[in-house]
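In what follows, a single structure is set out as structure tokens and then discussed.
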Amino acid sequence: MNYYVAKYIRPIYRAIFKTRVQNKRLIKENSELTYQVNYLKHHFDISQMKPATGYLREFQLTEIEYARQILDLLKPYDIQMYLEGGALLGAKRHKGFIPWDDDIDIAMARADFNKLIHALQTAPNFVWIDTTQKSGYYAEYYDKNIRANANKNIVLLTPTCLHVFNGTCLRDSKNLEFFPNDFLKEDVTEEQYLAFRDKVIAFIRKPHKWKELFDFYEANWESSGLFSMEHTSRIVPGMGNWDLTEYGYHGFRQHDDVYPTTTIEFEGKILPCPNKAEVILDREYGKNWRDYPKDIGFPQTLLDRNKYFQKIGEPLIDYKEF
């Protein structure tokens, strides 16, 4: 072989050979990892998974203490509410937080949500923030208002939920989230509801000030003719509820799935719970929610906060457990 040809060919050959060796090793490691995961799925009871540790566990316990405090403050207002989403799943499967979860979601009917807003606007324990001129990115706005009202319970109504924060800044703040649900009138068909849902999603996807979204919700709640302030047999995520626009459609909840509400243990505390929690979880997560989950991941609240800290050049929260 010509010396100059060999000079250039040999490094390419070595690189190809090295890549083949690395690929074989990765294929072997992936095969072994797949087997280990499947083995755990077969043998491991997910409800026996250990709780989170380190910073994440401290964050979770702070969140549940704050939730209990806020719910105690709201007791005099006779608001019927119940755990929702991942918090409900965690309560049923782990008697508390899903090990990698980090927030507590609470839902209620529209009439109770209106009562909640009135209570939070008028009660001396809360600071209601006017959010109507807000648009765009959330985290910076949260941080600004928490800093301006350090260690107070500040209330921020957003287009997808109602937040109650308490802290000195976003980094150390506690947060409880409330979501409205709506009763559908008895004569409303699934096709009518889904068409309206598509209309709301199309509108909210475009840039708007929050006031424009709030006004859209209010006007269309009335004009759509779909919803009832009185109890009916069917319940759906309400306008202003993240589940309506950001989550897949999982069918109507039945009135008896939710009411009468009951209670459930959550990290040693007693929290409000829908009447048939397992029926709701079966519909929203599938009947395998009791088994080894596909969505083992990272704490979403802390991930979102770290995105903000990275943007403004602040140190990230080290929430990783290993």
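Every number in this text was worked out from the coordinates using simple rules, so none of it is lab data. It should be emphasised that the depicted structure is a prediction, and the values quoted were computed from it without experimental measurement. Virtual Cβ from ideal backbone geometry, glycine too; neighbours counted across all protein chains shown.
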Open item on the list: I need the shape label for the range 148-204. Rule: rounded when a/c is under 1.5, else prolate if a/b > b/c, else oblate, with a, b, c from the alpha carbon gyration tensor.
Closed with: prolate
Task: Computed [θ] at 222 nm, deg cm²/dmol, the chain (DSSP H ≥ 4; -39,500 (n - 2.57); rounded to nearest 500) - done: -15500 deg cm²/dmol
Open item on the list: Applying a 10 Å radius around every beta-carbon, put 253-263, 31-41 in order of their mean neighbour count, most first.
Closed with: 253-263, 31-41
Open item on the list: Could you give each residue of the range 252-259 its phi-based ³J(HN,Hα) in whole Hz, using Karplus coefficients 6.51, -1.76, 1.60 with θ = phi - 60°, and x for Gly or Pro?
Closed with: 7, 7, 8, 3, 6, 5, 9, 10
Task: 27 Å Cα-Cα reach of K134 towards lysines, excluding residues that sit fewer than 8 places from it in its own chain - done: K115, K144, K152, K174, K199, K206, K209, K211, K307, K311
- [ ] Select from I201, I79, I154 the residue whose mean-square fluctuation is largest in a Gaussian network model of the chain (Cα-Cα springs shorter than 10 Å).
- [x] I201
Task: Whichever lysines have a C-alpha closer than 19 Å to that of K287, once near sequence neighbours (fewer than 8 apart) are set aside - done: K41, K92, K95, K276
Open item on the list: Which GluC sites (Glu not before Pro) in the range 134-212 sit in a loop by DSSP (not H, G, I, E or B) and have at most 16 other Cβ atoms within 10 Å of their own Cβ?
Closed with: E186
TODO: Go ahead and collect, in residue order, the members of the range 227-248 whose backbone nitrogen is under 14 Å from a label point 7 Å along the Cα-Cβ direction of D304.
DONE: 241-247
Task: Degrees, to the nearest 10: 3-43 long Cα axis against longest axis of the chain - done: 40
- [ ] Estimate the FRET efficiency between Y55 and D187 by the formula 1/(1 + (r/R0)^6), using the beta-carbon distance for r and 45 Å for R0, to the nearest 0.05.
- [x] 0.30
TODO: Can you check what the net charge comes to around V164, using other residues whose Cβ is under 14 Å from the Cβ of V164 (Lys, Arg +1; Asp, Glu -1)?
DONE: -3
- [ ] Convert each backbone phi in the range 292-309 into a coupling constant with the Karplus relation 6.51 cos²θ - 1.76 cosθ + 1.60 (shift: θ = phi - 60°), then list the ³J(HN,Hα) values in order as whole Hz, x for Gly and Pro.
- [x] 4, x, 8, 9, 4, x, 10, x, 5, 4, 5, 4, 5, 5, 5, 4, 5, 5
Task: Three-way shape call for the range 51-312 based on the alpha-carbon gyration tensor, with the a/c threshold at 1.5 - done: rounded
- [ ] Before anything else, pin down the relative contact order of the chain: Cα pairs under 8 Å, at least 6 apart, normalised by residue count, whole percent.
- [x] 21
